[in-house]
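Okay, so here's the structure we're looking at.
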Amino acid sequence: MAVPKPEELKNLRESFQAKKQACFILGASGETGKELLAEILKQQIFSTVTLIGRRKLVLEEPLYSSVKQEVVDFEKLDESAAAFQGHDVGFCCLGTTRGKAGAAGFVRVDRDYVQHSAELAKAGGCRHFVLQSSKGADVSSSFLYLRVKGEAEARVEAVGFDRCSILRPGVLLGDRQESRPGEWVTKKVLGAVAYVCPTLYSVPTVTVARAMVNNVVMPGPDNKKVEILENAYIHALGDVK
């Protein structure tokens, strides 16, 4: 997929904005989700923006005054099916870690919650689903993390959206609130590597967020409902402003 030039992207945004579409975001409290919400509001391309999560977020700045929030129980998600109705585009940045939730909890959040949310979104009228996955996601991987990410991708694809965009970023570089020593060291090392080879192993969360939004305003690939955006392309698309 060709990366649009700034002027082309500006025209695409204006055309998309005129459609007055609605979107929802899952995982808006995470690193990428926070950047995604801010980017969407700055670009003003949606008429309605709704956050769907397990708790209401404190959003005090004027930029967030129009944001709607739906609190749901992901263990009883069918009871909140109404929260997924009436959205044209859905963004999913849901995710946890094995260290925080345990192996079973990680699978439940990163695969099962994602799948169930996608199914309710499709039933509610969502046409374009944008999923944040991971570089190396593979259903046949021997590594739990990559296998679960691959399974989540496959299950979302099977839902049958008119368009499904799957982003596979490398290690995310951002300011995680719940920092862990090992992760901090890894990010510092990869941050240095990024100066030499910026698209190899890592990507800033703000770049991923901008790539997600830019992807949405672009037309989908011809005769193809599912598109995979690898790390290098995410860098290229996310760098266009």
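What follows is calculated from the coordinates using simple rules that are stated; it is not laboratory data. This one's a predicted model, so the numbers in the text were calculated from it and none came from an experiment. Cβ: placed from backbone, ideal geometry, glycine included. Neighbour counts: every protein chain shown.
Could you give the length gained by full extension between Glu14 and Lys76, i.e. 0.36 nm per residue of separation minus their alpha carbon distance, to one decimal place?
Length difference between fully extended and current span is 18.5 nm.
For the residue pair Lys5 and Asp138, what label-to-label distance in nm results when each label sits 7 Å from Cα along the Cα-to-beta-carbon direction?
3.9 nm
Can you give the helix-only mean residue ellipticity at 222 nm for the chain, where every DSSP H stretch with n ≥ 4 adds -39500 (n - 2.57) and the sum goes over all residues, rounded to the nearest 500 deg cm²/dmol?
On the way: 8 runs with 98 residues, N = 241.
Taken over the chain, the calculation gives -12500 deg cm²/dmol.
Tell me, in nm to one decimal, what length is gained between Val226 and Lys42 on full extension, where the rule is 0.36 nm per residue of separation less the Cα-Cα distance?
63.5 nm
When you count, for each residue, the other Cβ atoms within 10 Å and take the mean per peptide, how do 19-28, 221-230 rank with the highest first? Don't jump to the answer; show the numbers that get you there.
Values: 19-28: 20.8, 221-230: 13.1.
Per-residue mean Cβ counts within 10 Å order the peptides as 19-28, 221-230.
Order these peptides, 118-127, 77-86, by their mean beta-carbon neighbour count within 10 angstrom, highest first. Provide the component values of the computation, followed by the final result.
Values: 118-127: 19.2, 77-86: 15.3.
The most tightly packed comes first, giving 118-127, 77-86.
Quote the charge dipole size of the stretch 77-146 about the Cα centre in Debye, to the nearest 20; the model charges only the Cβ of Lys and Arg (+1) and of Asp and Glu (-1).
For the stretch 77-146, the charge dipole is close to 260 debye.
Could you give me the percent of Cα pairs per 10 Å distance bin for the stretch 99-158, shortest bin first, beginning at zero and ending with the bin that holds the maximum distance?
24, 52, 22, 3
Between [x] 30, 21, 19; [y] 24, 23, 19; [z] 27, 22, 16, which matches semi-axes √(5λ) of the Cα gyration tensor in Å calculated for the structure shown?
Given [x] 30, 21, 19; [y] 24, 23, 19; [z] 27, 22, 16, the structure-derived one carries the label [y].
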